[in-house]
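Undergrad: Right, I'll just put the structure down here and ask away after.
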Amino acid sequence: MSANFRLIKKSDPLTYYETQQESFLLGKSNKCEIVISDPHIAEVQAKVGKKDETYFIKNMGKDPIQVNGRSALIQVLKNGDEITLGKTKFLLQLPTTNEELAKTVAFEAKTMVMNSPSNANAGPRLVCTNSAGKSKTYPLKKDKIVIGRSSEANLKLVHPLVSRKHCIIAKHDNAYNVRNISTTNPVYVNHQGISEKRLYNGDQLKIGTFSITFLSDRPEDVKTVKMKVDTKNKRTGWSLWIAMVLMLTLGGYFVYLHGYVPWKIKQTLLSVSKQIDSEKYQPAHNTLKRLLEKNLSPEDTHQARELLAQTALAITRQKAKTESVENAKKYLMAYLAEYGSGKESRMLWDRLDYYRLAMGQQFEGAKESDLALRQYAAIREDSLYYDEAQKAVRRIWLAKQQPRREDQTVTQLLKEAETHFNAKRYLTPVNQNAYSLYQAVLALEPQHQLALQQIEMIKNFYREHGETFYKKKQWQKALTYFERYNFIDPEASDIKKKIKICRNTLTAPQKPPQKNKQNKSEPAQKPDEKREEIKRLLEESGTESSWLMQYLFEDQKGEKNSETPW
């Protein structure tokens with residue numbers, strides 16, 4: 001039997017199209033082997049063929065087909081590629097060998113893949129059980145692991161209800177915490193939906209159809225019950241009588257304040273949880289906002305804010321579905337302006353970046369590049385969507401280089417590119433730089449050796465200079481060169497790590513000289529500073545300060561410094 005060719009709809013993983021043919025047509029016509037209902041797809045959009053165990057796709061429609069964001073008449077396909085047909089994005093899934101095909105089974109049977117050995121019997125660990133009752137043990141040897149169906153996940157769970165990067169288990173302050181990083185699928189701990197929660201020995205996680213038990217032999221991972229013991233001073237004579245009267249007088253108030261009020265708060269939180277389970281999000285949201293105005297205990301405050309974040313996320317999703325992504329984003333920004341400082345809101349910051357990315361893609365599709373760039377540039381650097389946004393900025397930049405090059409031959413492009421290359425005009429100014437010209441050559445001849453060689457030399461220039469300044473701890477200059485390298489090759493993981501180190505070093509607060517010891521008790525970040533940080537994160541004018549905007553979309557005049565990295 002030949003290998004399956006399966007297209008999985010990215011926005012709905014439960015919808016997919018597959019065939020076992022090695023050569024077939026794809027489009028919206030009934031004569032195609034794979035028929036996709038999308039008005040933007042041609043009757044016969046593409047032909048797929050297989051040669052020497054490799055799949056190829058040939059565009060037969062007037063509109064382009066994109067594979068991983070790139071368009072060409074004929075493209076090689078690999079397992080996991082993102083294919084855009086019309087307005088629909090698909091993920092390609094195919095076994096690479098006949099042996100793998102023979103092992104292909106339903107999602108329920110294909111359960112989990114662990115990237116680390118699982119033979120440890122002690123210490124913190126996860127026991128993962130699938131719906132068929134089969135279990136595997138995963139020792140927590142790292143301080144941080146990612147769980148999801150992506151090949152990059154440490155614990156890989158293959159099922160449509162599991163997100164590519166579903167949740168993170170990380171060790172902070174000698175305690176393990178689980179945080180939901182999926183914007184579409186929930187994480188349950190002991191049957192309760194959570195955004196982030198401390199894990200104790202025996203806690204049960206539910207991710208898709210998988211049950212995961214956290215086990216630990218460490219004493220600090222055992223949940224203890226704290227008991228308060230009240231002691232009373234012995235009194236004699238009339239002083240004892242006065243004390244008894246005072247206790248009787250204050251007894252009712254004490255019972256009310258320390259008994260009834262906490263009980264009432266617990267009951268309110270329980271009632272709100274039931275409202276959320278019944279999808280009555282707005283009433284639950286209003287109740288929680290009123291509750292947070294009261295003087296709650298730290299534990300109750302955390303639970304209330306966590307539930308409030310869940311209701312805000314649900315309301316946002318409803319607005320995106322029934323109204324528009326823009327209205328959902330506005331609602332979310334208003335919420336984060338008021339409640340965005342707590343760790344309970346982390347998933348909402350990710351959701352905001354998701355909407356920014358979606359709106360950027362809408363503007364980009366409508367050829368409104370400036371509006372698209374404003375959305376992409378506002379996405380946070382530590383966001384799950386930052387790399388994808390930077391790729392989109394790179395895509396727009398390359399598109400701006402091409403129109404005036406359409407009538408030029410490869411020889412003309414190479415000659416002009418050489419002039420800019422020798423002058424070290426690698427990325428700027430716009431429409432007059434070596435890299436864009438070599439990309440134009442590759443658009444005409446994808447395997448042109450000279451163009452590929454010169455691009456590698458440009459990359460080496462940025463890497464070597466970046467490494468030099470990195471070793472000298474000149475972080476700003478190192479960051480400048482590494483960012484240019486990352487623009488050309490966004491998949492280089494070692495450069496990404498060094499970019500993160502440079503940024504963290506540059507943004508770390510400088511320690512003032514310690515003239516005395518009175519400042520030790522000052523908080524790490526004052527409330528006013530936190531509000532300013534949230535305000536900055538909610539700003540959507542990031543294009544003015546982004547290095548991409550400054551160095552790629554603006555012509556630099558009068559620049560003569562030989563160290564200028566373009």
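The values are calculated or read from the model by the stated rules, or taken from the named source; none is laboratory data. Values in this document were obtained by computation on a predicted structure and should not be read as measured data. Cβ: placed from backbone, ideal geometry, glycine included. Neighbour counts: every protein chain shown. Surface accessibility is based on the protein's heavy atoms, side chains included, excluding ligands, DNA and RNA. Shrake-Rupley method; radii C 1.70, N 1.55, O 1.52, S 1.80 Å.
Undergrad: May I ask for the distance between the Cα centers of region 1-53 and region 419-477, given as a whole number of Å?
TA: The distance from the Cα centre of region 1-53 to that of region 419-477 comes to 38 Å.
Undergrad: Right, here's the next one. Using C-alpha positions alone, give me the convex hull volume of region 390-510 per residue in cubic angstrom.
TA: 110
Undergrad: Listed highest first by mean packing, meaning other Cβ atoms within 10 Å per residue, what order do 479-485, 47-53, 136-142, 292-298 come in?
TA: So the peptides 479-485, 47-53, 136-142, 292-298, ranked by packing, come out 479-485, 136-142, 47-53, 292-298.
Undergrad: Same structure, new question: Roll a 1.4 Å probe over the protein heavy atoms and report the accessible area of Lys415 in Å², nearest 10.
TA: Looks like 150 Å² after rounding.
Undergrad: In addition: Please arrange Asp489, Asp173, Asp300 by accessible surface area, largest first, computed with a 1.4 Å probe and ligands excluded.
TA: In descending accessible area the options line up as Asp173, Asp489, Asp300.
Undergrad: Let me ask something else. Rounded to the nearest 0.05, what FRET efficiency do Asn68 and Ser23 give with R0 = 22 Å and r taken as the Cβ-Cβ distance? Could you check?
TA: The calculated FRET efficiency here is 0.45.
Undergrad: I've got another one for you. Just by accessible area at a 1.4 angstrom probe, what is the order of Val222, Val35, Val146 from largest to smallest?
TA: Val222, Val35, Val146
Undergrad: Let me ask something else. So what is the relative contact order of region 386-471, in percent, for Cα pairs below 8 Å that sit 6 or more residues apart?
TA: Across region 386-471, relative contact order equals 22 percent.
Undergrad: Taking every pair of alpha-carbon atoms in region 6-100, what share in percent sits in each 5 Å bin, from 0 to the bin with the longest distance?
TA: 3, 14, 26, 29, 19, 7, 2, 0
Undergrad: Let me ask another. Say the cut-off is 26 Å between C-alpha atoms; which of Lys319/Lys500; Lys9/Lys156; Lys274/Lys294; Lys9/Lys500; Lys31/Lys51 go over it?
TA: With Cα atoms farther than 26 Å apart: Lys319/Lys500; Lys9/Lys500.
Undergrad: Right, next: Roughly what would the spin-label model give for Gln362 and Ile501, points 7 Å off Cα along C-beta, in nm?
TA: Simple spin-label model gives 4.1 nm for this pair.
Undergrad: Can you tell me how much longer the chain between Lys321 and Ser150 gets when fully stretched, taken as 0.36 nm per residue apart minus their C-alpha distance, in nm with one decimal?
TA: Between Lys321 and Ser150, full extension yields 58.9 nm more.
Undergrad: Relative contact order for region 123-180 using alpha-carbon pairs under 8 Å, separation at least 6, rounded to a whole percent?
TA: 23
Undergrad: Normalised by the number of residues in region 422-505, what is the relative contact order in percent for Cα pairs under 8 Å and 6+ residues apart?
TA: Over region 422-505, the number comes to 18 percent.
Undergrad: Kindly report, to the nearest 10 Å², the accessible surface of Asp350 as traced by a 1.4 Å probe over protein heavy atoms only.
TA: In the full protein context, Asp350 sits at about 10 Å².
Undergrad: Okay, next question. Dividing the convex hull volume of the alpha carbon atoms of region 335-457 by its residue count, what do you get in Å³ per residue?
TA: Dividing the Cα hull volume of region 335-457 by its residues yields 131 Å³.
Undergrad: Quick one: putting +1 on the C-beta of Lys and Arg, -1 on the C-beta of Asp and Glu, what dipole do you get for region 422-469 around its Cα centre, in Debye to the nearest 20?
TA: Around 140 debye, computed over region 422-469.
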